[in-house]
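Asks: Pasting a structure below so you can have a look.
What follows is calculated from the coordinates using simple rules that are stated; it is not laboratory data. Given the structure is predicted, the values throughout are model-derived calculations rather than measurements. Methodologically, a virtual Cβ is constructed for each residue, glycine included, from the backbone with ideal geometry; neighbour enumeration extends over all protein chains shown.
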Amino acid sequence: MKKIVLLAISAKYVHSSLSVWVIAEGIAKFSRISHDVRVVEATINQPLNIISDIVFENNPDVIGISSYIWNAGILPDLLLSLKERLPEAILVLGGPEASNNDSYWLEHGADFVLQGEGEYVFPQWLDSYVTGEICTDNLTGINNEPVDPYSKEYFSTLNGRLSYIEASRGCPFKCAFCLSAGSDVRFFPLDTIKNQIFKLSQADTKTIKFIDRTFNCNAKRANDLFEFVTGLETSCCFHFEVAADLFDEQMLSILETAPPGRIQLEIGLQSFFGPALNASSRKVDVIKAEQNIRALTKMRNIHIHVDLIAGLPYETLPDFIETFDRAYALNAHNLQLGFLKLLHGSDLRRQAVTLEIEYNQFPPYEITSSPWLSSDDLRVLKNVDNALVHTVNKGRFISAIYYVMTVTGKSPFSLMHLLGTAVPNHGIQLEDYIVRVFDFFIKLPNVDKNDLVDCMLYDWLGMVKGKNLPEIFKRESQNRSLVAEEAKRLLGRTLRREEYAILNSGTGIFVDSNDRDPVTGLYKVYLCG
């Protein structure tokens, strides 16, 4: 019997790991030899010596580490530390970062790099290592029999963190920037998945995220599972990555019945620019995708997250601006401006030299320039991203931004660029940030101070809880007692000082800080007087 430590290193504490628990169950189910398997979870934010200490305490014979783009940067130093402290231990790497770049990792501390599906490959390698049998170069799956990673130990360590589930593996599409491009899709049995969903929905987790690359590539299965999670008695939110152009009327009808906040959809739109989509081998009906996203946002019961990728071949800055403004107009709750990453194993990385795309050689391998986007263009986009992340994508200043765009005539991209350049946010406290945003907006043409103050007062009450108004927005009024009386009549309680304000018109506004919209995350604001 060998002591095995399976080490997961997540980007944040709130993220649990799925891979190590799947492999642990794979060892228990498929290995011919019994082993002492322990799962260790850490984050990239912990000092390396702390991570090393946790592993060292278990005195393992074998250390298996899942490598991903978010933890690859710290792995060389961690492997060196583990080698020094546990010289007899065997270091085994798997996951997309290692399996697509094995020679690098074998030169930087790994004893073995495994390729393929970990729950099947790791037990085979382990048996070969323990028995001394010859280990072939290409280990294969047992019989693709699924495993259930959700053990009692898994649930005991969940502690409210985001949990993951996999209903299918692979993707039928061939996007050149993705590692799953063109892989065969294998669907796990529906009964098994429903059982796992139910167990997770009753556990100590708030969000259950499906890691299927395109969850709705099989409409019949997707509808079945959408209907299942919609009907559950649970407070959990289910997150799915989907293709918007694959939604049909039945799917939309099912989603419309979901309790508010039950479902989140992450939609990889990436671009509206045809040549960029073609060069990325991405086939999508952008008109249908656009129509379906609009239909979904109108339902108001589902949180919609739309992804864009800046840096795709042939898309210049003016082209991307058109994509951005068109995507912004869809009114998604979150518009993520991502940047092209040339991942090991992706087609675009193999084409990078031919396409003259330059990128950072260290994780996350982000584009630095191309024939279509200069480094200056990318700086512009970074400023836009900074403003977007700290305003709209956090539900901040929604009415103020709408007002400013309306009276100035500025496009979404233009306003986000100006704001991100003039008021970059790199850790600014919200109380200070709102003042700086106000000072910037008030200088723009046609912006009326009183109207802007009223918008920002409304936004402030809806987006924060238990925080007093910044001084520049406070004003006295004889209507204050009327606001308190109206609030007590509607809410059945006395307002706290930070829960109400007076607009320049004399109208009172107050917030029900116990009524938070599960879709937008904003609190309900009332007008009175």
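Asks: What ³J(HN,Hα) values, in whole Hz, does the Karplus curve 6.51 cos²θ - 1.76 cosθ + 1.60 give for the range 318-325 when θ = phi - 60°, with x put for Gly and Pro?
Replies: Those phi angles translate into x, 5, 5, 4, 4, 4, 4, 5 Hz.
Asks: Order of 458-465, 362-369, 333-340 by packing, highest average Cβ count within 10 Å first? Write out the running numbers ahead of the final one.
Replies: Details: 458-465: 21.4, 362-369: 16.4, 333-340: 19.9.
The peptides rank, most packed first, as 458-465, 333-340, 362-369.
Asks: Give a residue-ordered list of calculated ³J(HN,Hα) values for the range 376-389 (Karplus: 6.51 cos²θ - 1.76 cosθ + 1.60, θ = phi - 60°; whole Hz; x for Gly, Pro).
Replies: Using θ = phi - 60°, the values come out as 5, 4, 5, 5, 4, 5, 5, 5, 4, 4, 4, 5, 4, 4 Hz.
Asks: Would you calculate a helix-derived [θ] at 222 nm for the chain, using -39,500 (n - 2.57) for each DSSP H run of n ≥ 4 and dividing by the full residue count, to the nearest 500? Walk me through the intermediate numbers first.
Replies: Details: 20 runs with 214 residues, N = 529.
Using -39500 (n - 2.57) per qualifying helix, the result is -12000 deg cm²/dmol.
Asks: For the range 162-372, I need the span (max minus min coordinate) of the C-alpha atoms along each principal axis, in Å, sorted largest to smallest.
Replies: If we take the Cα atoms of the range 162-372, the spans are 52, 33, 28 Å.
Asks: On to the next question. Any idea how far the Cα center of the range 70-95 sits from the one of the range 386-460, in Å?
Replies: Distance between centres, Cα-based: 45 Å.
Asks: Ok, one more. Can you tell me the Rg and Dmax of the range 470-528, counting just the alpha carbons, in angstroms?
Replies: Reported Rg and Dmax, both Å: 11.7, 35.
Asks: Past the 19 angstrom mark, what percentage of all C-alpha to C-alpha distances in the range 286-431 do you count?
Replies: 57
Asks: Residues with amide H under 5 Å of I90's amide H, sequence separation 5 or more or different chain, H placed in the peptide plane at 1.01 Å from N; which?
Replies: Under 5 Å from the amide H of I90: V62, I63.
Asks: Compute the acute angle (0 to 90°) between the alpha-carbon long axis of helix 190-201 and the principal axis of greatest extent of the alpha-carbon atoms of the chain; round to the nearest 10°.
Replies: Here the helix axis deviates by roughly 60 degrees.
Asks: While we're here: Which whole-Hz ³J(HN,Hα) couplings does the range 502-508 yield from phi under the Karplus relation 6.51 cos²θ - 1.76 cosθ + 1.60, θ = phi - 60°, glycine and proline marked x?
Replies: Rounded to whole hertz, the list is 10, 6, 4, 6, x, 5, x.
Asks: Sticking with this structure for a sec: Net charge within 12 Å of A327 by Cβ-Cβ distance, Lys/Arg positive one each and Asp/Glu negative one each, not counting A327 itself? Numbers along the way, then the final one.
Replies: Working: positive: R294, R326; negative: E290, D307, E322, D325.
Result for the local shell: -2.
Asks: May I ask for the angle, rounded to the nearest 10°, between helix 48-57 and the longest principal axis of the chain, with both axes built from Cα atoms and the value confined to 0 to 90°?
Replies: Helix 48-57 and the main axis of the chain meet at about 50 degrees.
Asks: What is the sum of charges around F438, taking Lys and Arg as +1, Asp and Glu as -1, for the other residues whose C-beta is under 14 Å from the C-beta of F438?
Replies: Once all neighbours under 14 Å are counted, the net charge is -3.
Asks: While we're looking at this one, here's another question. Looking at the P(r) of the range 391-451, how many percent of alpha-carbon pairs lie beyond 15 Å?
Replies: 47
Asks: So which of K206/K382; K12/K206; K341/K382; K2/K83 end up more than 21 Å apart, counting from Cα to Cα?
Replies: K206/K382
Asks: Checking the cross-link filter: which lysines have an alpha carbon closer than 17 Å to that of K194, excluding same-chain neighbours under 8 positions apart?
Replies: Partners found: K209, K220.
Asks: Under a cut-off of 18 Å between alpha-carbon atoms, report the lysines in cross-link reach of K449, not counting same-chain residues fewer than 8 places apart.
Replies: K410, K474
Asks: Throw me the Rg/Rh for the range 3-131, computed over C-alpha atoms with Kirkwood Rh, two decimals. List each step's numbers first, then the result.
Replies: On the way: Rg = 13.3 Å, Rh = 14.4 Å.
Using Cα coordinates only, the ratio equals 0.92.
Asks: Among DSSP bridges having both ends in the range 258-392, what percentage is antiparallel? Round to the nearest 5. Walk me through the numbers before you get to the answer.
Replies: Numbers: 3 of 15 bridges.
So the antiparallel bridges amount to about 20 percent of the total.
Asks: Add +1 for every Lys or Arg and -1 for every Asp or Glu among the other residues with Cβ under 12 Å from the Cβ of H417, and state the total.
Replies: Net local charge, H417 excluded: 0.
Asks: Once all Cα-Cα distances of the chain are split into 20 Å bins that start at 0, what whole-number percent is in each one?
Replies: Per 20 Å bin, starting at zero, the Cα-Cα P(r) for the chain comes out as 19, 49, 28, 4, 0 percent.
Asks: On a 0 to 90° scale, report how tilted helix 286-299 is relative to the longest principal axis of the chain, with both axes built from alpha carbons and the result rounded to the nearest 10.
Replies: So the inclination is approximately 60 degrees.
Asks: Further question on the same structure: Write down the percent of antiparallel bridges among all DSSP beta bridges whose residues are both part of the chain, to the nearest 5.
Replies: 25
Asks: What lysines does K524 reach when the alpha-carbon gap must be under 19 Å and sequence neighbours fewer than 8 apart in one chain are set aside?
Replies: Filter leaves K298, K394, K465, K467, K488.
Asks: Of L335, P318, F247, which is farthest towards the positive pole of the range 162-372's charge dipole, taken about the Cα centre with +1 and -1 on the beta-carbons of Lys, Arg and Asp, Glu respectively?
Replies: F247
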